[in-house]
Amino acid sequence: MNALAEEKGFAVRHSGRVCGYVNRCPHLGTELDWNPGEFFDIAGVYLVCSTHGAIFEPQTGLCVAGPCRGASLERLQVREQGGQVFLLNDKP
């Protein structure tokens, strides 16, 4: 990837834990969110790809159903402090 290229990321809280990921589905490379900032299924249990419905575990990024089953979202290292979430670096 070009060092000057910029990718979008997102952070979610699930079961009290904050996790960050690059906003790119491993199947087609499209962004996951249905609407800006909406990543979870209706039950709030899984992350869902807006393009083809792949389902990801929020704490691991692992795809558990859909065309990219077994692949994972690219994790971002994040830290929560004082109610804010900070990106530690651009790669784990």
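Given the conditions (1) of a type outside the set (S, T, N, Q); (2) surrounded by fewer than 13 Cβ atoms within 10 Å (Cβ to Cβ); (3) free of Cβ contacts under 8 Å to residues at least 40 places away in the same chain, report the number of the one that Val48 does not fulfil.
(2)
What are the pairs with Cβ atoms under 6 angstrom where one residue, in the stretch 60-82, is free of Cβ contacts under 8 Å to residues at least 60 places away in the same chain and farther than 17 Å from Phe40 by Cβ and the other, located anywhere, is open to solvent by less than 40 Å² (accessible area, probe 1.4 Å) and of a type in the set (Val, Ile, Thr)? Sequence gap at least six, or different chains.
Partner pairs satisfying both residue conditions: Glu74/Val22.
Hey, could you check the stretch 70-92 for residues that are closer than 17 Å to Gly9 by Cβ and in a loop (DSSP other than H, G, I, E, B) and say which is least open to solvent (accessible area, probe 1.4 Å)?
Checked the stretch 70-92; the qualifying residue least open to solvent (accessible area, probe 1.4 Å) is Leu73.
Would you point out which residue out of Pro58, Pro26, Pro67 is crowded, with 18+ Cβ neighbours inside 10 Å and over 22 Å from Phe86 (Cα atoms)?
None of the other options fit; the residue is Pro26.
Given the criteria in contact with a Pro (Cβ under 7 Å, 6 or more places away or on another chain) and closer than 23 Å to Leu88 by Cα, does Leu32 qualify?
No: the conditions fail for Leu32.
Please specify each residue of the stretch 29-43 satisfying the condition of being part of a loop (DSSP other than H, G, I, E, B), out of contact with any Ser or Thr (no Cβ under 8 Å at 6 or more places or on another chain) and either open to solvent by less than 30 Å² (accessible area, probe 1.4 Å) or in contact (Cβ under 8 Å) with a residue 12 or more places away in the chain (or both).
The answer is Gly37, Phe39, Asp41.
Within the stretch 1-23, how many residues are in a loop (DSSP other than H, G, I, E, B), open to solvent by 60 Å² or more (accessible area, probe 1.4 Å) and either touching a helix residue (DSSP H, G or I) at 6+ places or on another chain (Cβ under 8 Å) or without any contact (Cβ under 8 Å) to a residue 12 or more places away in the chain (or both)?
6
The values are calculated or read from the model by the stated rules, or taken from the named source; none is laboratory data. Note that the coordinates shown come from a computational prediction; the quantities given were computed from them, not determined experimentally. With ideal geometry, Cβ positions are generated from the backbone for all residues, glycine too; neighbour counts draw on all protein chains shown. Accessible surface areas use protein heavy atoms only, side chains included; no ligands, DNA or RNA. Shrake-Rupley method; radii C 1.70, N 1.55, O 1.52, S 1.80 Å.
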